[in-house]
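Notes follow once the structure below has been shown.
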Amino acid sequence: MTVPNSGFDVEAIKKNALIATIVGFLCGGAIPGVLGLLGYLKADTEPETAKKFTKWAWIAFAIMWVLTILGIILYVVFVGVLIGTTTTY
């Protein structure tokens, strides 16, 4: 059964979703990786849905990185405050 792709470039959608999957799993965690994988799997049958999954994979990837950077900054500030408040006799 062949599903018309309504003018979508399915190969480009699959390539973008595959990149989102690999980068997501390696650098962003499970959520962006799974969303990219869903986009890849849906590309042949539902290209519009695949594009949405891929977009959300990149958004989740960016959110994960922002949270990681904020966590590192908070950690450094916390350690700095602890070191600054300790006194040696």
Checklist entry - What pairs can you find where one residue is in the stretch 59-70 and under 9 Å from Pro32 (Cβ atoms), the other is of a type in the set (A, V, I, L, M), and their Cβ atoms are less than 8 Å apart, with a gap of 6+ or different chains? => result Ala60/Ile31; Ala60/Leu35; Phe61/Ala20; Phe61/Val23; Met64/Ile31
Checklist entry - Which condition breaks for Glu46 when tested against (1) modelled with pLDDT under 95; (2) touching a Leu at 6+ places or on another chain (Cβ under 9 Å); (3) not aromatic (Phe, Trp, Tyr)? => result (2)
Checklist entry - How about the stretch 39-59: which of its residues are of a type in the set (Lys, Arg) and surrounded by 20 or more Cβ atoms within 10 Å (Cβ to Cβ)? => result Lys42
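The values are calculated or read from the model by the stated rules, or taken from the named source; none is laboratory data. Nothing here was measured: the structure is a model prediction, and the numbers come from that model. Glycine gets a Cβ as well: all are built from the backbone with ideal geometry, and neighbour counts include every protein chain shown.
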